[in-house]
Amino acid sequence: MKSLKKLSLSLLKIGIFGFGGGLGMLAILRNECVKKKRFIDDKELANAVAMGQMLPGPFVPNYCEYIGYHLFGFKGAAVAGASLLLPSFLLMILLSWFYLNYHSLPGVDLIFRGIGAVMTAIILWAAYDMGRVLLKGVKGFIVFGIAFILFLLKFDPVLTVLVCGGFMVLLDNIKLFNPLFLSIPLLIFDLKKALELFAIFLKIGAVIFGGGYAAIPFIKNEVCTIRSWLSPEEFLDGVALGQMTPGPIAITATFVGFKVMGVFGALIATIGIFLPSFIMLVLLAKLYKKINKNPYVTSFFNGIKSAVVAVLLSTGILFILTNWTNIYYALFGIGALLLLIFFRIEPILLILAGAGFSLLIH
């Protein structure tokens, strides 16, 4: 039986183990919410991806908020977003405190080498498994092929997804195609600085499309160039910390807020960057419920489904070139992929095994 508590616990688990960037998290999200708990099916997950790609801000929180809204309305969206982001938020505060006091994070990179090898396998497995469900008919494979090539050529992901949706509308409606196709908390509350901090990240969250990485240069300009709250070196270290945490890279906002105003600053910066996409997502989901029977809307989302499979597969291939270059990691990653395909091993167990394997061989 579906319940808000069960959804919250599932997303909390994803937030703890969701390493590997947005697509790694998407693969884990699918395993947890589609395969295991059956909160939604693959078609609805593809709709969540489509909605998330259309909106500014980090993609994965958008996906989860859509799922929450689809199941339980506004409350579900709020709980879903908070559950996903809470582990990253808390871990980033801990890492920020450690960094700002000791300026080192020994041994962490070793752990993430093993995790990277496993995440490559998880993404490839998700592409294979999701493709079996979503890729149907000649037209679906045509759109998949176009998206796959564009992603490998590093064409803009958001534009690629939208183009694929529009192309499927053409294929479905043009007859010609139919047969063929805690450092030191502030002792005095600085309201002006708090509002300024919130406004910066609210603005960035509202206008930056392309996922969390697209926000990084804009954050750097605001906090390093215009205001000098952080040095460029500190900011780059904050981005590195963001990559060490599970969850979206935009959690770097938490580091910036923590540096500027302690725990309270971390909280308002985090809310600021994720709030605009949350509000837009709820409005878009409401609109979609009213128009989802329209044939043009259906065709558009069918095109998105093919693109989702393509982006997973192309990213998995690119990850091979990064995470499987060492023979030991390659063999471990291939073994993980075979376990996922043939034995349906819990991906989170493999992530933990990857971290332990990396420490062991070093």
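The values are calculated or read from the model by the stated rules, or taken from the named source; none is laboratory data. For clarity, every value in this text was computed on a predicted model and none was experimentally measured. Using ideal geometry, Cβ is built from the backbone for each residue, glycine included, and neighbour counts are taken over all protein chains shown.
For LEU202, are the conditions met, namely being modelled with pLDDT of 70 or more and assigned by TED's automatic domain parsing to the domain that holds ILE226?
Taking the combined requirement at face value, the residue satisfies it.
Given the condition crowded, with 19+ Cβ neighbours inside 10 Å, in the same structural domain as LYS13 (by TED's automatic domain parsing), among the small types (Gly, Ala, Ser) and more than 28 Å from GLY116 (Cα to Cα), answer yes or no: does some residue in segment 279-288 qualify?
yes
Return a yes/no flag: does segment 178-190 have any residue that is closer than 27 Å to MET130 by Cβ, small (Gly, Ala, Ser) and at pLDDT below 80.
Within segment 178-190, none of the residues are closer than 27 Å to MET130 by Cβ, small (Gly, Ala, Ser) and at pLDDT below 80.
Any residue at all in segment 260-273 that is farther than 30 Å from ILE204 by Cα and part of a helix (DSSP H, G or I)?
No - not one qualifying residue is present in segment 260-273.
Out of curiosity, is LYS293 at negative phi and either surrounded by fewer than 20 Cβ atoms within 10 Å (Cβ to Cβ) or modelled with pLDDT of 85 or more (or both)? Quick ask: steps written out before the conclusion?
Values: at negative phi: yes; either surrounded by fewer than 20 Cβ atoms within 10 Å (Cβ to Cβ) or modelled with pLDDT of 85 or more (or both): yes.
So LYS293 fits the description; yes.
So GLY247 clears everything in (1) outside any helix (DSSP H, G or I); (2) modelled with pLDDT under 90; (3) surrounded by fewer than 24 Cβ atoms within 10 Å (Cβ to Cβ); (4) outside the structural domain of PHE19 (by TED's automatic domain parsing) except one condition, right? Which one?
Here GLY247 meets the rest and fails (3).
Does segment 138-154 include one or more residues that are more than 30 Å from ALA355 (Cβ to Cβ), modelled with pLDDT under 85 and either part of a helix (DSSP H, G or I) or hydrophobic (A, V, I, L, M, F, W, C) (or both)?
So far as segment 138-154 goes, yes, one or more of its residues are more than 30 Å from ALA355 (Cβ to Cβ), modelled with pLDDT under 85 and either part of a helix (DSSP H, G or I) or hydrophobic (A, V, I, L, M, F, W, C) (or both).
Here are the criteria: (1) over 30 Å from ILE204 (Cα atoms); (2) modelled with pLDDT of 90 or more; (3) in contact with a helix residue (DSSP H, G or I) (Cβ under 6 Å, 6 or more places away or on another chain). Tell me which single one GLY335 does not satisfy.
The failed condition is (3).
Which of the following residues is of a type outside the set (S, T, N, Q), closer than 25 Å to SER306 by Cβ and surrounded by 24 or more Cβ atoms within 10 Å (Cβ to Cβ): ALA80, ALA50?
None of the other options fit; the residue is ALA50.
Can we say LEU85 is surrounded by fewer than 24 Cβ atoms within 10 Å (Cβ to Cβ), part of a helix (DSSP H, G or I) and at pLDDT 90 or above?
Judged against the criteria, LEU85 is not a match.
Read through the list (1) at pLDDT below 85; (2) assigned to a helix (DSSP H, G or I), then give the number of the only condition that PHE19 fails.
Of (1) at pLDDT below 85; (2) assigned to a helix (DSSP H, G or I), only one is false for PHE19: (2).
Taking ILE40 and the conditions (1) part of a helix (DSSP H, G or I); (2) within 18 Å of GLY131 (Cβ to Cβ), which numbered condition does it fall short on, given that it satisfies the others?
Among (1) part of a helix (DSSP H, G or I); (2) within 18 Å of GLY131 (Cβ to Cβ), the lone unmet condition for ILE40 is (1).
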